[in-house]
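Visitor: The structure follows.
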Amino acid sequence: MISVSEATALVEQYTPKPQGVLRNLSTAAGLVLAQDYKASEDSPRFTNSAMDGFAVRFADVLPNIRLRITGESSAGNAAQSTLAIGTAIRISTGALLPLGADTIVPLEDCSMEADEMQVRKHPTQGQFVRPQASEYAIGTPILRNGDELTPARIAMAAQHGLTELSVFAPPSVALLSTGNELVEAHETPVDTQIRNANVPMLAAAIRQSGARLSHTAHAKDDFGQVCEALAEAVRLADVVVTTGGASVGEHDFIKQAAHVLGFETVFWRIRQKPGKPMFFAKRTLEGRITLLFGLPGNPVSTLVTFLYYVQPTLARMMGKSPAQRRTQARISTDLANMHGRVEFVRVCLIKEQGNEIPLAVPLPKQDSAMLTSMTEADGFVFLDVEARVEAGSLVNVQEF
Ligand code: AMP
Ligand code: MG
């Protein structure tokens with residue numbers, strides 16, 4: 001049995017480095033860039049108008065003067081002529097500034113009569129003109145290695161003609177549940193059967209992490225079946241997540257099956273509660289690394305170990321730094337840890353009026369089979385071995 005910090009360090013040590021692949025812009029949202037990109041052109045590409053109105057020479061705009069409208073520059077259709085002295089050219093937002101013009105008078109600041117316009121509000125020189133390269137020049141860095149592709153960055157790539165981007169490929173993850181007692185959510189359990197909660201839970205968590213769920217399967221507690229299902233999972237995925245069957249019971253076959261398939265145990269069992277029976281193994285075959293997270297079967301243990309060990313691993317494999325939202329709170333009650341294992345106490349956070357620091361209230365039922373300790377919770381308080389915390393003292397809550 002190893003400590004939580006040793007387990008964390010080992011998982012991180014064996015996590016493969018993220019791999020850069022080319023992805024079409026339309027499927028790259030949320031992924032992380034694997035290289036820097038520079039502007040392929042100036043922004044704006046050409047000097048244009050920021051308003052609908054008239055392009056004029058500032059020097060022509062004298063009180064009560066009328067300027068003859070001689071043409072139009074619209075978005076995508078530049079004016080045919082240059083701006084002659086004493087004239088105006090109608091212009092729309094984003095349209096090329098005609099040669100000779102230096103100022104835009106917005107529509108709302110002028111009046112028109114026949115083919116003449118009159119300025120009602122005196123402009124400032126150069127107003128509403130967007131000069132070429134005023135945002136940045138060609139060659140300027142626009143996107144960086146490590147940037148997550150938000151809609152704005154997708155737009156930036158599109159603006160520069162980058163239809164394919166080098167990104168870190170999301171790992172493919174296979175999910176395998178085990179247990180003779182399990183039926184699917186749409187089935188009705190009989191006798192001592194229960195519904196499979198872990199597969200839908202982990203499928204959701206894997207998708208939410210941005211990784212690709214390649215495969216889900218279920219195996220009975222039968223060595224042959226577990227081997228077969230695990231072999232298929234390994235064939236399809238970079239990361240295999242199993243639930244149940246990782247403990248010391250006679251019907252727990254994950255570890256044995258993993259060894260048959262060429263996995264090496266990195267660790268088994270962690271001094272933590274819940275989540276003690278977690279098993280972690282790796283396999284390197286023909287240069288391909290596969291990780292196996294053998295998570296415990298009790299849904300709370302499953303989710304706690306997923307959130308604490310698997311989710312950060314998936315994030316790293318996608319070039320992301322694992323998100324850790326920590327909130328300071330006051331604990332509502334005395335806590336003492338006499339279990340010899342770090343306790344992941346599930347708490348809900350309550351904001352009280354007039355108090356900046358929220359109250360962390362441990363869920364009353366912390367059994368690892370009781371999902372309310374997760375559905376009603378906002379995060380964990382880590383309670384070290386032998387630690388005592390008095391009601392009212394400050395604690396860190398790691399939010400889910
Ligand atoms: P195990 O680790 O296989 O001994 O399972 C521990 C406990 O978790 C048992 O009570 C199982 O019935 C329960 N369990 C295992 N897998 C699942 C699952 N997929 N969904 C819900 N409960 C499960
Ligand atoms: Mg089982």
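The values are calculated or read from the model by the stated rules, or taken from the named source; none is laboratory data. The model shown is predicted, which means the values in this text are computed figures rather than measured ones. Heads up, the Cβs are rebuilt from the backbone with ideal geometry, glycines too, and the neighbour counts pull from every protein chain shown. Keep in mind that these areas ignore ligands, DNA and RNA; they rest on the heavy atoms of the full protein, side chains included. Shrake-Rupley method; radii C 1.70, N 1.55, O 1.52, S 1.80 Å.
Visitor: From (1) at pLDDT 95 or above; (2) farther than 23 Å from Phe168 by Cα; (3) open to solvent by less than 40 Å² (accessible area, probe 1.4 Å), pick out the condition that doesn't hold for Gln256.
Guide: (3)
Visitor: Might you let me know whether the range 142-153 holds any residue that is closer than 30 Å to Ala233 by Cβ and either touching a strand residue (DSSP E or B) at 6+ places or on another chain (Cβ under 8 Å) or of a type in the set (D, E, K, R) (or both)?
Guide: Yes.
Visitor: Output the residues belonging to the range 158-183 that are near ligand 1 (Cβ under 10 Å from one of its atoms) and either farther than 30 Å from Asp221 by Cα or open to solvent by 40 Å² or more (accessible area, probe 1.4 Å) (or both).
Guide: Asn180, Glu181
Visitor: Condition (residue is open to solvent by 10 Å² or more (accessible area, probe 1.4 Å), without any contact (Cβ under 8 Å) to a residue 40 or more places away in the chain, closer than 20 Å to Pro296 by Cα and in contact with a Lys or Arg (Cβ under 6 Å, 6 or more places away or on another chain)) applied to the range 184-201: is it met by at least one residue?
Guide: Looking through the range 184-201, at least one residue is open to solvent by 10 Å² or more (accessible area, probe 1.4 Å), without any contact (Cβ under 8 Å) to a residue 40 or more places away in the chain, closer than 20 Å to Pro296 by Cα and in contact with a Lys or Arg (Cβ under 6 Å, 6 or more places away or on another chain).
Visitor: Further, regarding this structure: As an exercise: evaluate Leu149 against (1) open to solvent by 30 Å² or more (accessible area, probe 1.4 Å); (2) in contact (Cβ under 8 Å) with a residue 12 or more places away in the chain and give the number of the one condition it does not meet.
Guide: (1)
Visitor: Looking at Leu202, Leu175, Leu165, can you tell me which residue is within 16 Å of ligand 2 (Cβ to nearest atom) and assigned to a strand (DSSP E or B)?
Guide: Answer to the selection: Leu175.
Visitor: Turning to a different aspect of this structure: Which number in (1) part of a helix (DSSP H, G or I); (2) away from ligand 2 (no atom under 15 Å from the Cβ); (3) in contact with a Pro (Cβ under 7 Å, 6 or more places away or on another chain) marks the one condition that Phe306 misses?
Guide: (3)
Visitor: Pick out, from the range 5-109, the strands (runs of 3 or more DSSP E) lying fully within it that include 1 or more residues that are of a type in the set (Lys, Arg), touching a residue at least 12 places away in the same chain (Cβ under 8 Å) and more than 30 Å from Pro171 (Cβ to Cβ).
Guide: Strands (runs of 3 or more DSSP E) meeting the threshold: 66-73, 87-91.
Visitor: Would you mention how many residues in the range 340-363 are out of contact with any Leu (no Cβ under 9 Å at 6 or more places or on another chain) and surrounded by 14 or more Cβ atoms within 10 Å (Cβ to Cβ)?
Guide: The total comes to 2.
Visitor: Does any residue of the range 318-335 turn out to be closer than 16 Å to Met201 by Cβ and touching a helix residue (DSSP H, G or I) at 6+ places or on another chain (Cβ under 7 Å)?
Guide: Taking every residue of the range 318-335 in turn, none turns out to be closer than 16 Å to Met201 by Cβ and touching a helix residue (DSSP H, G or I) at 6+ places or on another chain (Cβ under 7 Å).
Visitor: Give the residues of the range 29-48 that are open to solvent by less than 70 Å² (accessible area, probe 1.4 Å) and of a type in the set (S, T, N, Q), sorted by residue number.
Guide: Listed by number, the residues that qualify are Ser40, Ser43, Thr47, Asn48.
Visitor: Would you confirm whether or not the range 219-228 contains a residue that is over 30 Å from Leu22 (Cβ atoms), touching a strand residue (DSSP E or B) at 6+ places or on another chain (Cβ under 9 Å) and away from ligand 2 (no atom under 14 Å from the Cβ)?
Guide: yes
Visitor: In the range 364-390, which residues are on the phi < 0 side of the Ramachandran plot, more than 16 Å from ligand 1 (Cβ to nearest atom), outside any strand (DSSP E or B) and open to solvent by 70 Å² or more (accessible area, probe 1.4 Å)?
Guide: Once the filter is applied, which keeps residues that are on the phi < 0 side of the Ramachandran plot, more than 16 Å from ligand 1 (Cβ to nearest atom), outside any strand (DSSP E or B) and open to solvent by 70 Å² or more (accessible area, probe 1.4 Å), the range 364-390 yields Pro364, Glu376, Asp384, Glu390.
Visitor: May I pose another question? Test of understanding: among Gly244, Gly249, which residue is within 16 Å of ligand 2 (Cβ to nearest atom) and buried (at least 19 other Cβ atoms within 10 Å of the Cβ)?
Guide: Only one candidate passes the filter, namely Gly244.
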